[in-house]
Every structure is written in structure tokens, then in C-alpha cells.
Amino acid sequence: MTSTIAQVLLAWYAEHARDLPWRRQRDPYAVWVSEVMLQQTRAETVVPYYLRWMDHFPTVEALAAASRDDVLGMWEGLGYYRRAHNLHQAAQILVAEYDGKLPGEVDKLSHLPGIGPYTAAAIAAIAFNQDVIAIDGNLRRVISRLIDLAINPRSSEGERRLRSWALKECPSGQLSFFNQALMDLGAMVCVPRTPNCGVCPLARSCLAFQRGVQDARPVRSPRRQIPHITAAAAVLRRGERVLIGRRPEGVLLGGLWEFPGGRLEAEESLESCLRREIGEELGVEVEVGAKRGAYDHAYTHFRVTVHAFECTLIRGEPQAIEHTEIRWVSPERLKDYPMGKIDRSIAHTILEDTDQLSVDG
């Protein structure tokens, strides 16, 4: 029997569900791609990347056959690039072992690269309508308020209580809609700050709202101070070309291309940092010239400012010591090499200066 909460929630969802492109079909591949993209990323940000991806890689087979640079190029700007590597690797496994089809069982899904417990449950529930609950950030927040959970929902006990409530309330055979309804309620009404309780269909059933503590739920761990890293990067030229290197797999931004450089150490100037880093990464000596700009970016656990400098090679021939490969590339071809946001910004600056020189010339 469907609970009153589920009845009200599903009725609300039928009227107010977000029109998201991956919901327009029950293709497990589309659900899988969307769920991986939605990890650490808001739906409105994901939509254009998802549409471009599905147009370029419409099937598991198309993704499996793609080159690494093609995959990373389609992902560029979405961040957390390990997700793209995992999608690519998992697609190749699916073609080799599952005839290009995603399995519907949570345990089999969980063995694929990049598919953890939540993503496996989400695919099983949404794509295959299995009776499993997928608890993401939205569900943690909504359920924590509904049951007035006074402990951190990410703790083992908190997770147990959330899951127990969800499995008790969710209607058998309707897990796909129930999961997505809770997700949408959390995204549209039961938002992190200043929840819109006045229009919430579940306000009468919400213990936190009744007790006036909705703003204090969910309980959060104290925030850690986010460190700030300063780094330097080299625009090293040979004629009209600049040098870029591919970052090794298994590190931040692995597989992407970058301008060589690295982190500033204590009591070190940016120029001496760059000379040291270029020596370590490429085995050459450079003269550091004019500064090209400073570029900021915030990652999940740290912030970074990269200072880019023109550099001139004065001794040695660059070698791929800390990169998997290096290339001399003309500015107009830099767009063909997938990069992180900071390196892409440096590339844009180089290209703009090149275009301006062409106009002035």
C-alpha cells in the first residue's frame, strides 16, 4: 500500500517534475551518463554537456571506440575528469563483456569503473525500476528534515535511518519516480538554504518544519579551511609554437594537456619556482621573461592561482620526464588538446595575442 507521503509526493512530481533531457527516454546508457555527470555537478550545468555528449557518443559502442582525447575534449569544462576516464573504460568493458548493454543488477553495476553504491542504485532504480533507493545530497537533505534527523546524515547511523525511512515509505514498483521526485523536491523546494516550506507538498509531514528547525537540518560537520596554492606555468616557445605536456593518469586532471610548471615552495620566487619546475619536468634550463597573467580556480578541497610567464629555452632539449608526452603546438591548434580550466584560459590568452599580432601586422 502506498503511504500518504508517497501519494502526495508522486502527485506533486507528476505536475512539477523538471524537464531534464535524460528523462525523456528510459535508455540505461543515457541514465548512466547523466548520473555520472551529475556527480558533484548541478543539473543546469550538466544539461548542455549531456546533450553534446549524447550527440557525439550516442551509444555505448560509440563511446568505447572513441579516443581518449576525443572523450576528454567532450568533457572539457565539466571538471572531475576521472569521471570521463571511468565512463570510457567502463564502456569498453561493457562492449567486451556485456554486448554493449548495462546490467540492471546493483552488484554488477558496482563492478564497473566509476560506479559506486549511489550511482549503481540510481541506475538500477531509474533505468530498471528496481526496488532500491539511491540517496544523494538532495535526498539526504529532504529526508533529514522530514524525520528531523539530529545527527549527521552521512554518518553510518544517519545513513541507516535515512535508508530505513525511504524503504518504508517508497511504493513498490515506483522507485524510479519516487527517487526522482525526492531529488526534484530537494532541488526546487527543499533547498539547502532558506527552504521554501510554504509551497512544499510535504510540509504537514515534515518534523523539522513543525519544530522550526528546518534551517538546522541536515546536521553538518564543521567546515575545514580550504588551502590556497600558488603555482607558476611556462609559455615556452619554439618559433610560432608553444610547448604543452600531457599529465599522467591517476593524478588530478590526468590525461589532460597543460603548460609545464608547478607549485611554489616556501621562500621561493615565482621565477625561481618556474626554473626549478621546468628543470624537473623537462630537463632543460629556461630564462623567465614577461608575466602573461594570473589565473584562479577553485577545486573541491583547495584553491589555486597560477601565474603564467613567457619563457625562453637556453640549454637542453625538452624531454617528457613528468609528462606522458610533450608536443610543440601552434596557438590555433591548442583548441584540439583537452585542458583544465586554467590551462585553457592561458591558451585563450596566447591565441588572442596571436590574433592581435596578425591584425597589427
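Quick look at the values:
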item	result
So ASP353, is it of a type in the set (Asp, Glu), crowded, with 16+ Cβ neighbours inside 10 Å and part of a helix (DSSP H, G or I)	no
Output for the range 245-256, where each listed residue is aliphatic (A, V, I, L, M) and under 12 Å from GLU322 (Cα atoms)	VAL251
Spans of helices (runs of 4 or more DSSP H) in the range 1-80 with at least 2 residues over 18 Å from ASN179 (Cα atoms) and modelled with pLDDT of 95 or more	43-56, 60-65, 68-75
Criterion (buried (at least 20 other Cβ atoms within 10 Å of the Cβ) and either on the phi < 0 side of the Ramachandran plot or not assigned by TED's automatic domain parsing to the domain that holds MET339 (or both)) met by exactly one of ALA66, ALA91	ALA91
Of all residues making up the range 143-157, the number that are in a helix (DSSP H, G or I), free of Cβ contacts under 8 Å to residues at least 60 places away in the same chain and out of contact with any Phe, Trp or Tyr (no Cβ under 7 Å at 6 or more places or on another chain)	2
Whichever residue in the range 14-63 is of a type in the set (Asp, Glu) and surrounded by fewer than 20 Cβ atoms within 10 Å (Cβ to Cβ) and, among such residues, is nearest to ASP136 (Cα to Cα)	GLU44
Single residue of GLY114, GLY104, GLY100 found to be touching a Phe, Trp or Tyr at 6+ places or on another chain (Cβ under 6 Å) and either within 17 Å of GLU61 (Cα to Cα) or assigned to a loop (DSSP other than H, G, I, E, B) (or both)	GLY104
Members of the range 135-179 found to be modelled with pLDDT under 95, closer than 20 Å to ILE123 by Cβ and of a type in the set (Lys, Arg), listed by number	ARG163
So ARG220, is it more than 27 Å from the chain's Cα centre (by Cα) and either under 14 Å from VAL132 (Cα atoms) or basic (Lys, Arg) (or both)	no
Some residue of the range 301-313 being modelled with pLDDT under 95 and either among the hydrophobic types (A, V, I, L, M, F, W, C) or not assigned by TED's automatic domain parsing to the domain that holds GLY261 (or both)	yes
Subset of the range 198-239 that is in a strand (DSSP E or B) and touching a helix residue (DSSP H, G or I) at 6+ places or on another chain (Cβ under 6 Å) - its residue that is surrounded by the fewest Cβ atoms within 10 Å (Cβ to Cβ)	ALA234
ALA84 vs. criteria in contact with a Pro (Cβ under 7 Å, 6 or more places away or on another chain), among the hydrophobic types (A, V, I, L, M, F, W, C) and either at pLDDT 95 or above or more than 23 Å from LEU20 (Cβ to Cβ) (or both)	no
Qualifying residue in the range 240-257 (condition: at positive phi and of a type in the set (A, V, I, L, M))	yes
Filter pass, ALA122 being in contact with an Asp or Glu (Cβ under 7 Å, 6 or more places away or on another chain), assigned to a helix (DSSP H, G or I) and surrounded by 15 or more Cβ atoms within 10 Å (Cβ to Cβ)	yes
Residue in the range 169-186 that is over 30 Å from VAL142 (Cβ atoms) and surrounded by fewer than 16 Cβ atoms within 10 Å (Cβ to Cβ) present	no
Residue count for the range 297-311, restricted to those that are surrounded by fewer than 19 Cβ atoms within 10 Å (Cβ to Cβ) and closer than 14 Å to LEU264 by Cα	3
Number of positions in the range 155-181 that are under 14 Å from TYR13 (Cβ atoms), of a type outside the set (A, V, I, L, M, F, W, C) and under 27 Å from the mean Cα position of the chain (by Cα)	3
Test: residue in the range 264-280 that is assigned by TED's automatic domain parsing to the domain that holds ARG303, in a strand (DSSP E or B) and modelled with pLDDT of 95 or more	no
Criterion violated by ALA11 - all others in (1) of a type in the set (A, V, I, L, M, F, W, C); (2) free of Cβ contacts under 8 Å to residues at least 60 places away in the same chain; (3) exposed (fewer than 14 other Cβ atoms within 10 Å of the Cβ) satisfied	(2)
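The values are calculated or read from the model by the stated rules, or taken from the named source; none is laboratory data. Keep in mind that this is a model prediction, so the values were computed, not measured. In this analysis, Cβ positions are derived from the backbone assuming ideal geometry, glycine residues included, and neighbour counts consider all displayed protein chains.
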